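Trainee: Below is the structure I would like to discuss, written out as structure tokens.
Derivation of every value follows stated rules applied to the coordinates shown; laboratory data play no part. These numbers come from a predicted model, not from an experiment. Heads up, the Cβs are rebuilt from the backbone with ideal geometry, glycines too, and the neighbour counts pull from every protein chain shown.
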Amino acid sequence: MKNIRIYLCLLLILAAIASACSGNASDGAAVLDEDAEIMEVYVFKSDNSEAILITVGGKAVMIDAGSQKQSDKIKKYLKKNGITNIDYLIATHFDNDHIGGADTLLKKLKVGKVIVPDYKMESVQYEEFKKALKKSDAKKVILTGTLNFTLGGADFTVYPSMLEFKDFRGDEGDDDENWENDFSIAVKVVHGGNSFLFTGDAMDSRIGELLADEDIVGVPYTFLKMPHHGKYHKNIDSLVKVTDPKYAVVTDSSKRPANKKTVSALERNGTKVFCTSITGVLCRSDGNGVTVENK
């Protein structure tokens, strides 16, 4: 009987988190101006992996490429939407759930530039990524300083970690097994009056760097991609407070849902939360308003 009670309590907790992450939302009663240049951000449904597609002005940017098992699904989505070229592929870090599908993209699509963090990794997926990149026509950019570029009507700023790779194994308080997460590249996108922030798998050390960067935290955000699949870190509350996002997306899964403390921090801020454990999340911006929906 005691075990049954514990099981039921766990189910209720998971249901509460799932409820907080469900539903559709739009920017008030606003209707997007379809005559304006529309930017779309699609966060793929994931199993605790991460892949994000941004399209604007006929150009495409991928932030991470999910796991290897996601690659066919991503490839089909790109084909369905007529995308054969990726102008920028940004690998936030070399964890398998972020670059596992990158080799498929490099083999099947034309990729212009591949932006990578300044460290090395030992894994099968990393080696496959390196081989595919070397064989492709894509230009490799090792990010050692802030990089700016414009596509269509959107301005992108790409921020490297300030850490130096010297057999780094994580700061005190971070999970040593996930030390590479604090090398995560962050990406800010400004489309008209709307701003977007993508944080990779940043943990406490990296989140602290983001909070200390006035260029990153100088404005409230329309849309925030939460760090590290919704896991809770001590700097999460400060990140939510400082960025003050209207909408947030968590790349979690049904087996490993977002931490309830992370979801609570967003809800206390009045942020509408979406989770990819349910389905993909599509955000559309006309430079003035946005719509966000599960799709």
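Trainee: Which peptide among 64-71, 141-148, 119-126 comes first, and what is the full order, when sorted by highest mean count of other Cβ atoms within 10 Å? Mind showing how you got there, number by number?
Mentor: Working: 64-71: 22.8, 141-148: 12.8, 119-126: 14.8.
Taking the mean over residues of other Cβ atoms within 10 Å, the ranking is 64-71, 119-126, 141-148.
Trainee: Would you mind calculating the relative contact order of the chain from Cα pairs under 8 angstrom and at least 6 residues apart, reporting the percent as a whole number?
Mentor: Relative contact order of the chain: 21 percent.
Trainee: Full-extension gain between MET162 and LYS134, please, as 0.36 nm times their residue separation minus the C-alpha to C-alpha distance.
Mentor: On the way: separation 28, 0.36 × 28 = 10.08 nm, distance 2.61 nm.
Result: 7.5 nm gained on full extension.
Trainee: Can you order the peptides 91-99, 283-291 by their average number of other Cβ atoms within 10 Å per residue, highest first?
Mentor: 91-99, 283-291
Trainee: So, R0 is 41 Å and r is the distance between the beta-carbons of PHE149 and LYS73; what FRET efficiency does that work out to, to 0.05?
Mentor: Result of the calculation: an efficiency of 0.90.
Trainee: Please list, ordered by chain and number, the residues whose modelled amide H lies under 5 Å from the amide H of SER195; skip anything fewer than 5 residues away on the same chain.
Mentor: THR222, PHE223
Trainee: Based solely on its DSSP helices, what 222 nm [θ] is calculated for the chain when runs of n ≥ 4 H residues each add -39,500 (n - 2.57) and the sum is averaged over all residues, nearest 500 deg cm²/dmol?
Mentor: On the way: 9 runs with 82 residues, N = 295.
The per-residue figure over the chain is -8000 deg cm²/dmol.
Trainee: Set the bar at 32 Å for Cα to Cα. Now go through LYS113/LYS234; LYS110/LYS261; LYS135/LYS188; LYS69/LYS140; LYS79/LYS131; LYS135/LYS255 and name every pair that lies beyond it.
Mentor: Going by Cα-Cα distance, LYS113/LYS234; LYS110/LYS261; LYS135/LYS255 fall outside the 32 Å limit.
Trainee: Could I ask something else about it? In debye, nearest 20, what is the charge dipole magnitude of the range 2-294 about its Cα centre with +1 on Lys and Arg Cβ and -1 on Asp and Glu Cβ, if you could check?
Mentor: My answer is approximately 1140 debye.
Trainee: Would you grab the residues whose amide H sits under 5 Å from the one on SER67? Only those 5+ places off in sequence or on another chain, please, with H modelled 1.01 Å from N.
Mentor: GLU50, GLY101
Trainee: Would you compute, for the Cα atoms of the chain, the largest minus smallest coordinate along each principal axis and list the three values in descending order, in whole Å?
Mentor: 61, 50, 38
Trainee: Moving to a separate point now. LYS261 label point, 7 Å along Cα→Cβ, cut-off 14 Å on backbone N: hits in the range 216-230?
Mentor: Those under the cut-off are 230.
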